[in-house]
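Okay, so here's the structure we're looking at.
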Amino acid sequence: MNIKGKVALVTGANRGLGRAFVQQLLAAGASKVYAAAREPASIDLSGDLSGPLASKVVPVRLDVTNEDEVIAAAKTCADVNLVINNAGILRGAPIASFGNVRDLRAEMDTNFFGTLAVSNAFAPVLKANGGGALVNILSVLSWVSLPGTALYSASKAAAWSLTNALRKELREQATLVVGVHVGYMDTDMVASVQAPKSRPSDVAQQVLQAVANGQEEVLADEISRQVKAGLSSDSPAYLAA
C-alpha cells in the first residue's frame, strides 16, 4: 500500500515510536494522521511536526483500555486506511512479586486487550475503505523473557498470537496485517537501560516500507532477527538462562 495520500491512525502518538510514526507518515505523503493519546493536549506539534505539516495532524483522545473511547475513535476516524497499534506500557515487575496480578492486568489491558479492541473497532473501517493495513507493534520479548519483563513478555506474546489470528481473519477483506518485532529503542520506556538501542525513526521507516511492500512481518533490529532465527534451534532462546 502506497502511503502517499492515505489516512492513518497512530495510537500512543504523543512520544517515542508513536511520535516517530506521525513524523514518518507525513514525510511519506500521508494526507492526514490521527495522532491518538489519552490526553490529546500531549500531542506535541513542535519541531518536525510544526509548520504546514501540523495541519495534517489531528489529535484524538484515545485510551485503548476504554471501550467507549475506542468506539468513538472508530466513528471519528472513519476515513483511515492504516491503523498502527503502538500504545503500550511496561511495568517491569517480576511474576513472583507482591501485586503482580495488578501489574499483569494493567499490561494485558493495554498491550493485548487494547490492541484487540482497536483492531476490532477499526477492521470494518478498513474494509469499507478498501482493506488498507493494520500494524501491531510487538517486541523481541514476544519470544523471550528477561529479568523484570515477565509480565510485559506475556502480554506481547499474547499480542503476537492475536496478530497471527488477525492476519488470517482479515485477509479476506484485503487488509494487510503487519507484526513488528523490535528490541530496545531510544525511548522513555527503556531510558534507564544501558544497551544498544534503535532509533524510533529508523523503526518507523522500516515499518512503513513493509506496508508499502505488502510485508507481513518486520524484524526491526539484529537482536530480533537473531532471536527469531533461534526459536527452532536445539537450544532456543526462550530456554536460555
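No value in this document is a laboratory result; all are computed from the given coordinates. A quick note: this is a predicted structure, and the numbers were derived from the prediction, not measured. Heads up, the Cβs are rebuilt from the backbone with ideal geometry, glycines too, and the neighbour counts pull from every protein chain shown.
Tabulated data
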read-out: Check on Ile43, touching a strand residue (DSSP E or B) at 6+ places or on another chain (Cβ under 6 Å), surrounded by 18 or more Cβ atoms within 10 Å (Cβ to Cβ) and over 24 Å from Val211 (Cα atoms); value: yes
read-out: Yes/no for Leu141 being buried (at least 20 other Cβ atoms within 10 Å of the Cβ), out of contact with any strand residue (DSSP E or B) (no Cβ under 6 Å at 6 or more places or on another chain) and over 20 Å from Trp160 (Cβ atoms); value: no
read-out: Given (1) more than 11 Å from Asn85 (Cβ to Cβ); (2) touching an Asp or Glu at 6+ places or on another chain (Cβ under 9 Å), number of the condition Thr149 does not satisfy; value: (2)
read-out: Lone qualifier among Asp79, Asp68 - being of a type in the set (Asp, Glu) and assigned to a loop (DSSP other than H, G, I, E, B); value: Asp79
read-out: Selection status of Val144, within 15 Å of the chain's Cα centre (by Cα) and in contact (Cβ under 8 Å) with a residue 24 or more places away in the chain; value: no
read-out: Residues located in segment 138-153, provided they are assigned to a helix (DSSP H, G or I) and within 19 Å of Gly230 (Cα to Cα); value: Val140, Leu141, Ser142, Ser153
read-out: Residue within segment 109-123 that is surrounded by fewer than 16 Cβ atoms within 10 Å (Cβ to Cβ) and either more than 18 Å from the chain's Cα centre (by Cα) or part of a loop (DSSP other than H, G, I, E, B) (or both) present; value: no
